[in-house]
Amino acid sequence: MSNFEKENLADSFPLEYCLPVYHCVSDENLPHLKNIIPYKNTKQFEQDLDFLARHFQFVNWDEFKGFVNGSFQPKKKIALLTFDDGLREFYDVVAPILERKGIYAINFINPKFIDNKDLMFRCKASLLAEKVKADKRVNPEIFSILQPKENPAQQILKISYLQQDLMDRLAEVLEVDFNIFLLQQQPYMTLDQMTRITQKGFGISSHSWDHPLYHELSVGQQLETTDKTFDFLKQHDFLYESFAFPFTDFGVKKEFFDLFFKNKDVFCTFGCAGIKLDSIERNFQRIPMENGDPAEAVLKKELAYFRLKKILNKNKIVRG
């Protein structure tokens, strides 16, 4: 048992809650994810869950709301397990593990990708980067789109949401058919699978319409993609009380929160800045768990970073 295990983590943890976030769990090689997310395999994921369960009390959505409102008193500090992007592995791999262990999770999804109607631009980049790395000879035509003196795979992985039209141009040159990939791989959950997930007791909630980087958008655009997703969730009887920012909430101004929280259906929002406080009371920061380390190491680094930031008085996000 490590020294970190021996110490009372619940006592040393600076917050009353732990909010881990994952995207995928799989024992397979997933080309649309391997260049952008170091996802864990089933053994690693179960080890994470067992570690977290020793230190925290896993809660469901209603218990989390009750905890925030003061009407639910847990036996120890709580953990709300979250997933992003609505990937198929949540249905095929994650949910059976969680059912067996009796652990709730909420998955924040993008309606544009449901039923595999489209592929998120970062997943497209991962596929294209894989193709470039696999080709023995780089097609010189791609340098009419990319910079010729830089690594093409790295350039592709840097393409932003606002530049994603470049993906289709590159796919044509590299002979990558995203539609065939969507049909064969089925990377996302279907609407029917999401309905079944909720019937099993899990949560499906909002992650924006198509996964933009919010600080690249105007406040009007931020509200448009968020509200459009809420309408979809409400229409299909999913959880429309919460919203998790895609990528990060870095750079999102107080104005967005002020306007968004005028919707009285909204209970809270989630970022993913790790163990950190936020000047927006109902914006909770989650801990990314997919950096290649087991949960113990992830939390150990987060705690050390939080303590350092606290000394420097920089452990709280202040919105402009």
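The values are calculated or read from the model by the stated rules, or taken from the named source; none is laboratory data. Worth saying up front: this structure is predicted, and the values here are computed from it rather than measured. Heads up, the Cβs are rebuilt from the backbone with ideal geometry, glycines too, and the neighbour counts pull from every protein chain shown. Calculation scope for accessible area: heavy atoms of the full protein, side chains included, ligands and nucleic acids excluded. Shrake-Rupley method; radii C 1.70, N 1.55, O 1.52, S 1.80 Å.
Odds and ends about this structure:
- Within segment 40-49, tally of residues that are in contact (Cβ under 8 Å) with a residue 24 or more places away in the chain and open to solvent by 40 Å² or more (accessible area, probe 1.4 Å): 3
- Among the residues of segment 251-269, those that are touching a strand residue (DSSP E or B) at 6+ places or on another chain (Cβ under 8 Å) and either free of Cβ contacts under 8 Å to residues at least 40 places away in the same chain or part of a helix (DSSP H, G or I) (or both) comprise Phe257, Phe260, Val266, Thr269.
- When segment 270-303 is filtered for residues that are part of a strand (DSSP E or B) and touching a helix residue (DSSP H, G or I) at 6+ places or on another chain (Cβ under 7 Å), the ones remaining, listed by number, are Asn283, Ile287.
- The single condition among (1) within 24 Å of Ser218 (Cβ to Cβ); (2) free of Cβ contacts under 8 Å to residues at least 24 places away in the same chain; (3) open to solvent by less than 70 Å² (accessible area, probe 1.4 Å) that Gln163 does not meet is (3).
- Selection within segment 50-73: residues that are within 19 Å of the chain's Cα centre (by Cα) and surrounded by 19 or more Cβ atoms within 10 Å (Cβ to Cβ). The member of this set that is farthest from Ser242 (Cα to Cα) is Leu52.
- When residues of segment 274-302 are limited to those that are polar (S, T, N, Q) and out of contact with any Lys or Arg (no Cβ under 7 Å at 6 or more places or on another chain), the one farthest from Lys40 (Cα to Cα): Asn283
- With respect to the conditions (1) more than 16 Å from Phe121 (Cα to Cα); (2) of a type outside the set (D, E, K, R); (3) assigned to a helix (DSSP H, G or I), Leu182 falls short on a single one, namely (1).
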